[in-house]
1. How big is the stretch 7-230 on each of its three principal axes, counting only the C-alpha atoms and giving the largest first in Å?
2. Would you mind checking the tilt of helix 68-80 against the longest principal axis of the Cα atoms of the chain, expressed as 0 to 90 degrees and rounded to 10?
3. With contacts defined as alpha carbon pairs under 8 Å and 6 or more residues apart, what's the relative contact order of the stretch 137-262 in percent?
4. Please identify every one of the trypsin sites (Lys or Arg not before Pro) in the stretch 163-206 that sits in a loop by DSSP and has no more than 12 other beta carbons within 10 Å of its own beta carbon.
5. Relative to the longest principal axis of the C-alpha atoms of the chain, give the angle of the C-alpha long axis of helix 97-106, reported between 0 and 90° and rounded to the nearest 10°.
6. Alpha carbon centre of the stretch 189-246 versus the stretch 86-156: separation in Å?
7. Which one of GLY186, GLY43, GLY111 has the biggest mean-square fluctuation once the chain is modelled by GNM with Cα springs under 10 Å?
8. 5 Å is the cut-off here: which amide hydrogens, built 1.01 Å from N in the peptide plane, fall below it relative to ASN113, excluding neighbours closer than 5 in sequence?
Amino acid sequence: MTEKTDPAVGARDLLALHRDPELLTLVNVWDAVSATVVAGVDGTRALATASHSIAASRGYPDGEVIPVEEMLAEVARIAAATRLPVTADLEGGYGDAPETVRRAIGVGVVGANVEDHMKPLAQAARQVEEVIRAATSEGVADFVLNARTDAFLRAGDRDRGEVLADAVERGRAFLDAGAPVVFVPGVLDEEQIATLVDALGTRRLSTIALPGTPPLSRQAELGVARVSFGPMPQRVALTALARLVESVHAGGGVPDDTRDLG
């Protein structure tokens, strides 16, 4: 285990990273060893968990199927493995977002993603207020709630202009409710990102890096605060594992450039 800084200090540090002109990049982790590896790479300034990856590693599908106790137990192991600030993906809050955030703070978390599931806007904004209130009551007033809207993920065949307008409306409401940053996952193009930054403010938007999204350097120029990678790091790791197995089956072996990082 690694000795942690005070949660209030860790939250202030994490918030400052979102406000820094340098883009905050978060290569998401799913267990203690992945956390140790990512934290050990020069340039890593904070860690973020990936709920999809944690669930998969424990045999569950994504979407709050994993019991909250199991999710928080893994988050606790990750937080204990590093001195860096940790933000946790808490999906939609597992039925009680404020209580789940309180429990997450108790295991060392200083920020979190919480999804809106496209609930009625007033209800979703109220949840943001309640989460911020819960974090403040735990002594972490600067808790970095990365308030997520699923406007693009649940867009279906809706007009993309309407979807973007929904994301803007929800993002503004979440900022007004106290969230310091808004997460809009999906394959966004430059114009959509620029519109969101213009509407929400510089370094108030969080995106996800997916195939087809603008390069990190361009997102930084556009004023994005943070780019995370969701389940993609685990997929990259599992792809490397599958390739090793394929090599072994073909008569090969361990790649010469393999590093001892565990």
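Values in this text are rule-based calculations from the coordinates and carry no lab data. Predicted model, so just to flag it, every value in this text is computed and none were measured. FYI the Cβ positions are ideal-geometry reconstructions off the backbone, even for glycines, and counts take in every protein chain you see.
1. Rounded to whole Å, the extents work out to 42, 38, 34 Å.
2. Approximately 70 degrees, to the nearest ten.
3. 19
4. Answer in residue order: no site qualifies.
5. Approximately 50 degrees, to the nearest ten.
6. 20
7. Result: GLY43 has the largest fluctuation of those listed.
8. ALA88, ASP89, LEU90, ASN146
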